[in-house]
Amino acid sequence: MQDRFFIAGQLREIGRLLDVKGENRFKARAYERAARALETLDADLDLLVLNRRLTEIPGIGSALAAVIDGLYRTGKSSLLDELREQLPPGAVEMNLIPGLSLKKITALHAALGVASVADLKAAGEKGLIRTVKGFGAKGEAKILAAIDKLESGDARLLLDHATDEAERLLRHVRAAAKADIAGALRRRKESVARIQIVAAGAEPDKLIDDFLRYPAIVHSERMDALCRARLASGAMVELHAVHDADYAASLMRHTGSKRHYARLEELARAKRLDLDAPAKDETEIYRHLGMHYVPPELREDEGEIEAALAGKLPPLVEYDDITGLTHCHTVYSDGKNSVEEMALAADALGMKYLTITDHSPSAFYAGGVDVERLKQQWEEIDRAQQKVKVRLLKGTESDIRPDGSLDYPDEVLARFDVVIASIHQRNKMDADQMTRRLVAAMKSPFFKVWGHPLGRLIGSRPPLECRMEIVLDAIAEAKAAIEVNGDPHRLDLEPRWIRAARERGIKFLISTDAHSTVALRYLRYGVDMARRGWLTAGDVLNTLPLKNFLAAVRP
């Protein structure tokens with residue numbers, strides 16, 4: 001009988017091979033989802049198999065149940081065997097190279113015997129790829145450049161993707177060791193080049209052996225207490241394996257930015273302390289340095305060392321401090337779920353209030369809600385309210401027009417519970433023009449919340465240009481709030497501007513910008529950004545009870 005982790009690994013390999021082969025992508029994803037379901041399964045797999053109840057696991061139908069049953073009983077799958085025979089060795093790993101189709105991988109394997117990215121790179125460096133029909137010198141150069149990019153880690157993972165990948169990996173490592181996420185991901189940076197994990201046990205070498213059994217690894221490199229690996233998704237991973245006594249010191253060393261850790265080393269030298277000495281936890285190490293514990297999100301050498309030495313680090317906002325979900329879209333504009341579905345999801349999360357803030361008419365490309373449909377939406381909100389405990393608030397994400405005016409007539413804006421004002425069309429404005437536009441908007445009595453302030457999309461669209469200091473002064477004067485947007489593609493406002501706004505006494509909303517019930521989970525990433533910006537619960541309006549929240553945001 002095989003355990004669930006072995007079976008999950010086999011299912012994931014089937015999914016990857018189906019994907020490389022070009023089969024129906026939904027079928028390939030079904031195997032990946034089934035693998036994740038088994039890895040996180042709380043129920044007893046033995047009983048589910050023996051009682052033929054595998055289809056009770058979400059996402060597993062009769063066909064997948066039969067594959068799992070066979071793997072459980074025999075450790076084999078005829079489908080997996082067939083796929084392995086049909087595809088050349090190393091197809092999954094080489095498929096990570098952009099533009100390298102299965103047809104090309106097969107041709108390279110037949111002509112040169114390549115069975116891995118390392119083989120492919122060696123062949124390219126010898127000028128052999130160009131000799132294969134259909135490639136040539138330019139094709140060879142493109143492949144080598146793509147391999148260099150893959151190996152250098154230039155391809156970055158957004159925070160949500162990195163978190164999901166790391167948490168699955170962490171469950172695997174924790175089955176045999178004490179372990180935690182480290183590096184830029186633990187500091188909750190917007191994107192990361194690699195996932196770092198620190199693991200500790202009595203036998204570090206054995207920890208690496210266990211790590212290398214993770215089914216999604218397609219390539220690895222082992223160096224004493226360090227192992228680097230590439231996953232089938234393309235994500236780069238580093239595992240630092242240490243003895244139990246070294247765990248706290250290693251976690252600290254591999255978490256902080258280089259500047260933060262260098263400052264700690266300076267303090268340690270002054271006190272004649274060894275940062276690598278055994279310690280119970282990181283808190284003890286900071287205490288020996290004469291400091292308060294510094295949360296991972298702040299370890300950037302941006303004033304946190306001085307604040308921790310003086311005992312003046314603020315108590316950062318926590319996920320559980322949030323009482324209401326803000327900035328949520330429905331099918332009335334470009335959302336995927338109905339008002340009722342969003343309300344039921346918020347109810348299930350135990351939230352006290354939920355703002356329905358669909359786009360205004362100017363956002364025609366996003367199905368902006370005109371006044372007539374707005375009336376229909378409000379009636380639907382009233383009907384949904386009868387079915388849930390969470391209080392549903394009627395709001396809008398109103399476009400800030402080029403002249404700084406807000407979308408919807410004033411008499412309509414006045415009737416909303418909350419108005420989030422955002423820029424979606426930049427109208428080719430320079431910094432001075434955009435500054436005037438924003439300052440004009442903030443003079444409106446209906447301007448209460450500045451939505452996804454600088455409009456960036458991480459890795460694809462830069463922040464809009466404006467005189468930020470002037471804009472922050474204007475919003476402070478207006479006594480309005482700024483949104484910290486949790487959408488992983490936005491994570492807007494960035495921490496340095498959050499701190500600058502906080503210093504002016506400006507308040508914040510931590511939002512999801514959810515366009516589906518699934519996206520309500522984006523709240524956690526908004527909290528991450530708020531913590532990086534040094535925000536406390538008292539700085540965030542949607543930590544307030546409903547009555548106080550409404551008093552702060554109502555036009």
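The values are calculated or read from the model by the stated rules, or taken from the named source; none is laboratory data. Predicted, not measured: the structure shown is a model, and the values here were computed from it. Cβ placement follows ideal geometry from the backbone for every residue including glycine, while neighbour counts extend to all protein chains displayed.
No other residue among LEU325, LEU313, LEU354 is surrounded by 15 or more Cβ atoms within 10 Å (Cβ to Cβ), among the aliphatic types (A, V, I, L, M) and part of a loop (DSSP other than H, G, I, E, B) apart from LEU313. Restricting ASP492, ASP539 to residues that are farther than 25 Å from GLU340 by Cα and more than 20 Å from the chain's Cα centre (by Cα) narrows the list to ASP539. For segment 50-95, filtering for residues that are under 34 Å from the mean Cα position of the chain (by Cα) and in a helix (DSSP H, G or I) leaves 21. Restricting attention to segment 60-78, the residues that are touching a Leu at 6+ places or on another chain (Cβ under 9 Å) and either modelled with pLDDT under 85 or not small (Gly, Ala, Ser) (or both) total 7. Among the residues making up segment 248-303, those that are outside any loop (DSSP other than H, G, I, E, B) and of a type in the set (A, V, I, L, M) are ALA248, ALA249, LEU251, MET252, ALA262, LEU264, LEU267, ALA268, ALA270, ILE285, LEU298.
Residue-wise test of (1) under 29 Å from the mean Cα position of the chain (by Cα); (2) modelled with pLDDT under 95; (3) not assigned by TED's automatic domain parsing to the domain that holds LYS387.
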| site | (1), (2), (3) |
| --- | --- |
| LEU251 | yes, no, yes |
| ALA268 | no, no, yes |
| TYR293 | yes, no, yes |
| ALA308 | yes, no, yes |
| LEU325 | yes, no, no |
| LEU344 | yes, no, no |
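Across segment 41-73, what is the number of residues that are surrounded by fewer than 17 Cβ atoms within 10 Å (Cβ to Cβ) and more than 29 Å from ARG230 (Cα to Cα)? Selection size over segment 41-73: 16. Out of everything in segment 229-247 that is in contact with a Lys or Arg (Cβ under 9 Å, 6 or more places away or on another chain) and assigned to a helix (DSSP H, G or I), what residue ends up being farthest from ALA166 (Cα to Cα)? In this case the residue turns out to be ASP244.
Residues in segment 504-514 that are of a type outside the set (Ser, Thr, Tyr) and within 16 Å of the chain's Cα centre (by Cα) were compared, and the one that is farthest from THR536 (Cα to Cα) is ALA514.
Of the residues making up segment 361-397, those that are touching an Asp or Glu at 6+ places or on another chain (Cβ under 9 Å), at pLDDT 95 or above and polar (S, T, N, Q) are GLN377, THR396.
Condition check ((1) of a type in the set (Val, Ile, Thr); (2) closer than 24 Å to ALA182 by Cβ) across all residues:
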site: ARG259; (1), (2): no, yes
site: ALA268; (1), (2): no, yes
site: LEU273; (1), (2): no, yes
site: ASP276; (1), (2): no, yes
site: ILE285; (1), (2): yes, yes
site: LEU309; (1), (2): no, yes
site: TYR319; (1), (2): no, yes
site: ILE322; (1), (2): yes, no
site: HIS327; (1), (2): no, no
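Screening ALA8 with (1) touching a Pro at 6+ places or on another chain (Cβ under 7 Å); (2) of a type in the set (A, V, I, L, M, F, W, C); (3) at pLDDT 85 or above gives one miss only, at (3). Filtered by the rule that a residue be within 14 Å of LEU212 (Cα to Cα) and buried (at least 23 other Cβ atoms within 10 Å of the Cβ), segment 174-200 gives ALA177, ILE197, ALA199. The single condition from (1) farther than 24 Å from PRO555 by Cβ; (2) touching a Lys or Arg at 6+ places or on another chain (Cβ under 9 Å) that ASP430 fails is (2). In this structure, MET429 does satisfy being at pLDDT below 95 and farther than 15 Å from SER360 by Cα.
For TRP497, the conditions (1) surrounded by fewer than 23 Cβ atoms within 10 Å (Cβ to Cβ); (2) in contact with a helix residue (DSSP H, G or I) (Cβ under 8 Å, 6 or more places away or on another chain); (3) part of a loop (DSSP other than H, G, I, E, B) all hold with the exception of (3). Annotation note: of ASP432, ASP399, the sole residue that is in contact with a Cys (Cβ under 9 Å, 6 or more places away or on another chain) and in the same structural domain as LEU493 (by TED's automatic domain parsing) is ASP432. If you go through segment 175-207 and pick out every residue that is over 15 Å from GLU238 (Cα atoms), over 17 Å from the mean Cα position of the chain (by Cα) and of a type outside the set (Asp, Glu), you end up with 7.
What are the residues in segment 362-403 that are among the polar types (S, T, N, Q) and in a loop (DSSP other than H, G, I, E, B), if any? Hits for segment 362-403 are SER362, GLN386.
Of all the residues in segment 508-521, those that are closer than 20 Å to ALA421 by Cβ and either part of a helix (DSSP H, G or I) or acidic (Asp, Glu) (or both) number 1. Considering segment 410-486, there are no qualifying helices (runs of 4 or more DSSP H) wholly inside with 2 or more residues that are in contact (Cβ under 8 Å) with a residue 40 or more places away in the chain, crowded, with 21+ Cβ neighbours inside 10 Å and more than 31 Å from the chain's Cα centre (by Cα).
One residue stands out in segment 516-555 among those that are under 30 Å from LEU185 (Cα atoms) and free of Cβ contacts under 8 Å to residues at least 24 places away in the same chain: the one that is surrounded by the most Cβ atoms within 10 Å (Cβ to Cβ), namely ARG521.
Would you confirm whether any residue within segment 443-451 is over 20 Å from GLY324 (Cβ atoms) and of a type in the set (Gly, Ala, Ser)? There is at least one residue in segment 443-451 that is over 20 Å from GLY324 (Cβ atoms) and of a type in the set (Gly, Ala, Ser).
Contact map, segment 63-84: first residue more than 12 Å from ILE14 (Cβ to Cβ), second residue part of a helix (DSSP H, G or I) and of a type in the set (D, E, K, R), Cβ cut-off under 7 Å, separation 6 or more or different chains; the map is empty.
Residue-level check: of (1) touching a residue at least 12 places away in the same chain (Cβ under 8 Å); (2) of a type in the set (S, T, N, Q); (3) not assigned by TED's automatic domain parsing to the domain that holds LYS448, THR283 misses just (1).
Screening THR106 against (1) touching a residue at least 60 places away in the same chain (Cβ under 8 Å); (2) closer than 30 Å to LYS121 by Cα leaves a single unmet condition, (1).
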